[in-house]
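Colleague: The structure is given below, and queries will be raised subsequently.
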Amino acid sequence: MNRIRLLSEQVANQIAAGEVIERPASVVKELVENSLDAQAGRVTVEIQSGGRSLVRVTDDGLGMSRDDALLCLERHATSKIQRAEDLAAIATMGFRGEALPSIASVSRFLLTTRERDNETPEGTRIVIGAGKILEVQAAGGPPGTTIEVRQLFFNLPARRKFLRTEPTESAHIQHYLTLAALAFPQVAFTFLKDGRQVWQLPPVIGRSDPAGRLGALRERLRALYGAEQKLLPVDFAAQLRSFESAGDGEGSLVAVPAPLVRVWGFIGAPGVSRQTREDQHLFVNRRPVENRGLNFALMEGYHTSLMKGRYPVACLFLEIDPAAVDINIHPAKREVRFHQESEVRRLVAQAVRQALLDFHGPASSAPSRPPTTVRPLAGSPTPREASPVAPECVPPSPPVPAAGGAERPPGTQAPLPNFPPALTPVCDPAQPHVAQPPLRMGFAPGPVLPGALPPPQAQPAPARADARGSATTPVPLLRVPLRLVGVVGRLYVVLESDRGLVLLDQHAAHERILFEQMLSRLESSEHAPSQKLLLPATVEVSARDASFIRDQLPALGRLGVELSEFGERTFLLDALPPFVRAADPRRFVLELVDELKAAGQEVNSLRLGEHVVAKTVCRHAVKANDPLTGPELEALVENLRHCAMPYTCPHGRPTLVEMNFRELEKKFGRTQ
Ligand code: ADP
Ligand code: MG
């Protein structure tokens, strides 16, 4: 007995719908993508009850002839590709030819369309119920297409049960529309929810060159999120290196020049981050995608500018030869696969890093810049690196309790530094904004825009505020003149700029400076300065820790931590970098090991490279709660200014916090 039979068209469509149409937002996505593929200049989306009772998408695109309108409801009917080879170079959003028949099979569906480039004013109207054509009529109306989808899943009660609450379904729809609006700033979008207008985004007409596109995106971001200014532009192009067999019969690979990859858009300024990946909008050839590799690349690009447990904010577009990416791996085309995944990751990380470096300015990020030298903090020994004296002769530094802001007895305050008379703050209540003589910090007196920069990492802002918008690129804080006011709590340096109040975390700044200094030494293969301990200490550890430490010995040695094997599970510590003053060398080693192990779990152990070790060693830098003199503070800020990534410590915590006059006025109730 034969048991196999072909499924009816209706059942086949419902099965396809199961994959493509998950929820009302999938309907919105498919319909809007069709409108965009039809070159619409204006798209209007209306929903009711979270899209369960109605989704209506209206566009002014190409429209369809009557024959096409009937054909588009057939499975595998598409105008976008013809041959299998076309799959390798898809330039449209759609290509599978299954969205419309799928949606029509699980809803009450109404299609009205009129060709844009046809003289005859007559259009077509087709009524479909659960996939069956009920009516075909002539219809009037403007050129373009309107598709109305009512009572989604009315014939699939099980599916309907899986839908979430109206607000949740609406949020999914709005999220997709945000992505579409970001990818197509030149298209006007209107979004109506239960009869209320949520958005009316005007078309952004701009040039199509890179600067024009960035400008258009910025405009669209502003329309969507408001006019806050915390994003940095990214505009990066590079060649994908591809490898081909050299044809020498031995299968050796040679690098051949391959297509250009372009990465452009906006990313959060240093200190702007979120607790989730929610505000990472990533597009590949204008298609919003989910790709963990790209998420990681973004994190990698931020490197030390990101705090643990935080995620970057970004709206980034990747343009790549369609042949180098596979978009046909997910029915809803949400995921993509790159043929050269690691190459693409590398380039995206590089693009992000470059944007962060450019933010601080080419002057300080030039690779040829000489390593910055940390000037001594009050009470700390003269750095040995400047001294011709052999390290062996150096007496050990006086032990200092493993200090830190947290361990300072509460209520005690460091004496104010001894300011030279010229730096003594002027206090004239009548003229609160009077410019005081700037510190001799050599700041390029860049343009001072009052209130131009929101605090990069001020108090915990409302959750969504981080991602809100971008208008103008902020003027980096270290590019405006700063005047020293004083120090509070022996840790926070109070500075004033023409924009308002600036606080600097002495210890975070010091850590950043030391970290970059260590890295630049490593790059130039210089051995880090190291200071012999008067009494070398032995440390005994567990067998597992011993093998872990053994792996890190070379990196530690290059960074000035001289640890050597002294038995199977015993190590001898006999020198430390001069800025580390470990009161208890044993405890120092054990803590270092714990921190490194934690870092290894957090990144993956492969990445436990020198920079991770350097970062961890810097954490043990003298906690700068010694009172500093004016010139020392000046040196600290000046050294920070010369860092490539000055706005965060190597662990991603802010070094500087700004509160502009606008915010101060708000706090004091002078303005709303
Ligand atoms: P696909 O987008 O993969 O081609 P769809 O089922 O989404 O498949 O659409 C089928 C076809 O219907 C499209 O190829 C297109 O020619 C036509 N079509 C769909 N929506 C519109 C629209 N809004 N304007 C003009 N043509 C459309
Ligand atoms: Mg489609």
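The values are calculated or read from the model by the stated rules, or taken from the named source; none is laboratory data. None of the values given here were measured: they were computed from a predicted structure. Every residue, glycine as well, gets a Cβ built from its backbone with ideal geometry; the counts of neighbours run over all protein chains shown. Just the protein is used for accessible areas: all its heavy atoms, side chains included, with ligands, DNA and RNA removed. Shrake-Rupley method; radii C 1.70, N 1.55, O 1.52, S 1.80 Å.
Colleague: Counting only residues that are touching a helix residue (DSSP H, G or I) at 6+ places or on another chain (Cβ under 6 Å) and modelled with pLDDT of 90 or more, how many does segment 546-568 have?
Modeller: 1
Colleague: Report the residue count in segment 1-51 for those that are under 26 Å from Ala188 (Cβ atoms) and among the charged types (D, E, K, R).
Modeller: Counting residues in segment 1-51 that are under 26 Å from Ala188 (Cβ atoms) and among the charged types (D, E, K, R) gives 7.
Colleague: Also, quick follow-up: Can you name the strands (runs of 3 or more DSSP E) wholly within segment 108-212 that have at least 3 residues being farther than 26 Å from Val20 by Cβ? Before the answer, list the steps.
Modeller: Details: elements: 108-114, 123-129, 132-139, 144-150, 188-193, 196-201.
Answer list for segment 108-212: 132-139, 196-201.
Colleague: Let me ask something else. Which residue pairs have Cβ atoms closer than 7 Å, lie 6 or more positions apart in sequence or on different chains, and pair a first residue in segment 294-308 that is more than 18 Å from Val284 (Cα to Cα) and of a type in the set (Val, Ile, Thr) with a second residue that is assigned to a helix (DSSP H, G or I) and open to solvent by 10 Å² or more (accessible area, probe 1.4 Å)?
Modeller: Close Cβ pairs satisfying both conditions: Thr304/Lys615.
Colleague: In addition: Are there any pairs, at least 6 apart or on different chains, whose C-beta atoms fall under 6 Å, with the first in segment 88-100 and of a type in the set (Phe, Trp, Tyr) and the second within 7 Å of ligand 1 (Cβ to nearest atom) and at pLDDT below 90, and if so, which?
Modeller: Here the result reads Phe95/Lys80, each pair linking segment 88-100 to a residue that is within 7 Å of ligand 1 (Cβ to nearest atom) and at pLDDT below 90.
Colleague: Taking Ser35 as meeting all but one of (1) within 13 Å of ligand 2 (Cβ to nearest atom); (2) of a type in the set (S, T, N, Q); (3) over 31 Å from the mean Cα position of the chain (by Cα), write down the number of the exception.
Modeller: (3)
Colleague: Moving on to the next point. Any idea which residue in segment 69-122 is most open to solvent (accessible area, probe 1.4 Å), counting only those that are within 11 Å of ligand 2 (Cβ to nearest atom) and among the small types (Gly, Ala, Ser)?
Modeller: Of segment 69-122, the ones within 11 Å of ligand 2 (Cβ to nearest atom) are 72, 77-80, 92-103.
From the residues that got through so far, the ones that are among the small types (Gly, Ala, Ser) too are 77, 79, 94, 97, 99, 102.
On the way: Ala77: 26, Ser79: 112, Gly94: 8, Gly97: 16, Ala99: 15, Ser102: 0 Å².
Taking the candidates together, the pick is Ser79.
Colleague: Moving on. Tell me yes or no: at least one residue of segment 197-207 is at pLDDT 95 or above and farther than 26 Å from Arg287 by Cβ.
Modeller: Yes, segment 197-207 has at least one match.
Yes or no, residue by residue, for (1) more than 24 Å from Gly141 (Cα to Cα); (2) among the charged types (D, E, K, R):
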{"residue": "Glu30", "(1), (2)": "no, yes"}
{"residue": "Ser35", "(1), (2)": "no, no"}
{"residue": "Val45", "(1), (2)": "no, no"}
{"residue": "Leu54", "(1), (2)": "no, no"}
{"residue": "Ser65", "(1), (2)": "no, no"}
{"residue": "Cys72", "(1), (2)": "no, no"}
{"residue": "His76", "(1), (2)": "yes, no"}
{"residue": "Ile90", "(1), (2)": "yes, no"}
{"residue": "Arg114", "(1), (2)": "no, yes"}
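Colleague: Only one of Arg83, Arg52, Arg96, Arg66 is under 30 Å from Ile320 (Cα atoms) and more than 12 Å from ligand 1 (Cβ to nearest atom). Can you tell me which? Explain how you work it out, then say what you get.
Modeller: Numbers: Arg52 fails: under 30 Å from Ile320 (Cα atoms); Arg96 fails: more than 12 Å from ligand 1 (Cβ to nearest atom); Arg66 fails: under 30 Å from Ile320 (Cα atoms).
Going through Arg83, Arg52, Arg96, Arg66 in turn, the sole match is Arg83.
Colleague: Considering only segment 53-65, I want to know if a residue exists there that is within 15 Å of ligand 2 (Cβ to nearest atom), under 23 Å from Pro331 (Cα atoms) and open to solvent by less than 60 Å² (accessible area, probe 1.4 Å).
Modeller: Yes: one or more hits.
Colleague: Out of segment 1-45, which residues are open to solvent by 90 Å² or more (accessible area, probe 1.4 Å) and more than 16 Å from ligand 1 (Cβ to nearest atom)?
Modeller: Result: Met1, Asn2, Arg3, Ile4, Arg5, Leu6, Leu7.
Colleague: Six or more apart or on different chains, Cβ atoms under 8 Å: show the pairs whose first residue is in segment 481-505 and closer than 13 Å to Leu633 by Cβ and part of a strand (DSSP E or B) and whose second is of a type in the set (Lys, Arg) and at pLDDT below 90.
Modeller: Pairs found: Asp505/Arg653.
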